[in-house]
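Everything below concerns the one structure shown next.
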Ligand code: IPM
Ligand code: MN
């Protein structure tokens, strides 16, 4: 029997509510498909920070290295700990240290969910660069708090980093419709983004079966709303991908529906799966957060672990569950979880 060690980091706010639901779903699927999941809850969060002075212990990354996958809820509770501390203490270091350079975010309408555009067939796969670019963390501040204050934050794009994310996206496009949209802002940013365009054009020679279109971030944002059916696989830098995937989430019905996988397809280290939404402290613990994104993320985890049938079981159950609720009758966290569990047979 295949056995997998899963690190469960519920984190903050509604991360706790939805990770609990997602873990129940995972356990039921494992029993059904006869594989074993050994979960370990790690209490790393803003509460943990207030107690210990750090978001995760100094050997946190080493601890995580022993797992096959990480299921993460959400990180951040700005009233307790500034986001600049919490996210740089937990979520972002995991992405960087395990070199999880691909962030896959599927945006598609689930059955029963209309989304604000009220259009059928919205289905875009976003591939976001996840370790460098605008999130490189290179910068500093001088003369802080004075009139002479200067803040610098440099976007770093390496050819290696750009090429590997584009290559992943070309491969993904090949597996879907063969259409790829590459996103930059090379009309304004003439170094990093022009290099990105050049690498896109170079790789396009290797993938003659993939039709590549280049868009600027502003234009593709409009296209997401006006003409989403013209898009299929979309690849973008870290920050552009971050913004576009909130837009994608909104169009698929809200942040509660958007799942994600942080992957390093070339490494044996753990990958991380998390809903795109944040910790939403205002509704934390009320039992009303949607667990859909977290549950969908578990399907992405199972697929990555090689448990394809398990992944399909989760997705099928999720689709049946969302189809049973209407906008007027929004389920609680528990109702949605029960509904998904009920369809796993
Ligand atoms: C996301 C989030 C994070 C990001 C934040 C919380 C740092 O918005 O996963 O999309 O920007 O990557
Ligand atoms: Mn985001």
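Points to keep in mind about this one:
- Only one of the listed residues (267, 279) is in contact (Cβ under 8 Å) with a residue 24 or more places away in the chain and within 16 Å of ligand 1 (Cβ to nearest atom). That residue is 279.
- Check on residue 225, part of a strand (DSSP E or B) and either surrounded by fewer than 16 Cβ atoms within 10 Å (Cβ to Cβ) or within 16 Å of ligand 1 (Cβ to nearest atom) (or both): no
- The criterion of at least 1 residues that are not assigned by TED's automatic domain parsing to the domain that holds residue 273 is met, among strands (runs of 3 or more DSSP E) falling completely within segment 67-159, by 102-108, 123-129, 133-142, 150-156.
- The test for being assigned by TED's automatic domain parsing to the domain that holds residue 68 and assigned to a helix (DSSP H, G or I) holds for residue 293.
- The requirement of being under 18 Å from residue 240 (Cβ atoms) and either crowded, with 17+ Cβ neighbours inside 10 Å or away from ligand 2 (no atom under 16 Å from the Cβ) (or both) is fulfilled somewhere in segment 74-95, by at least one residue.
- Residue within segment 166-178 that is more than 21 Å from residue 227 (Cα to Cα) and within 16 Å of ligand 1 (Cβ to nearest atom) present: no
- The residue list 261, 250 contains one member that is outside any loop (DSSP other than H, G, I, E, B), away from ligand 2 (no atom under 11 Å from the Cβ), at pLDDT 95 or above and within 21 Å of residue 23 (Cβ to Cβ), which is 261.
- The set of residues from segment 264-278 being away from ligand 2 (no atom under 12 Å from the Cβ) and either part of a loop (DSSP other than H, G, I, E, B) or in the same structural domain as residue 171 (by TED's automatic domain parsing) (or both) comprises 264, 265, 266, 267, 268, 269, 270.
- Of the residues making up segment 229-242, those that are part of a helix (DSSP H, G or I) and more than 9 Å from ligand 1 (Cβ to nearest atom) are 229, 230, 240.
- Checking the stated criteria, residue 192 turns out not to satisfy the condition of being under 18 Å from residue 168 (Cβ atoms) and buried (at least 16 other Cβ atoms within 10 Å of the Cβ).
- Among residues that are within 26 Å of residue 339 (Cβ to Cβ) and within 16 Å of ligand 1 (Cβ to nearest atom), residue 78 is not included.
- For first residues located in segment 220-241 and touching a residue at least 40 places away in the same chain (Cβ under 8 Å), partners that are within 16 Å of ligand 1 (Cβ to nearest atom) and in a loop (DSSP other than H, G, I, E, B) and lie 6+ apart or on another chain with Cβ distances below 7 Å form the pairs 238/130; 238/132.
The values are calculated or read from the model by the stated rules, or taken from the named source; none is laboratory data. Quick caveat, the model's predicted, so the values are computed rather than measured. FYI the Cβ positions are ideal-geometry reconstructions off the backbone, even for glycines, and counts take in every protein chain you see.
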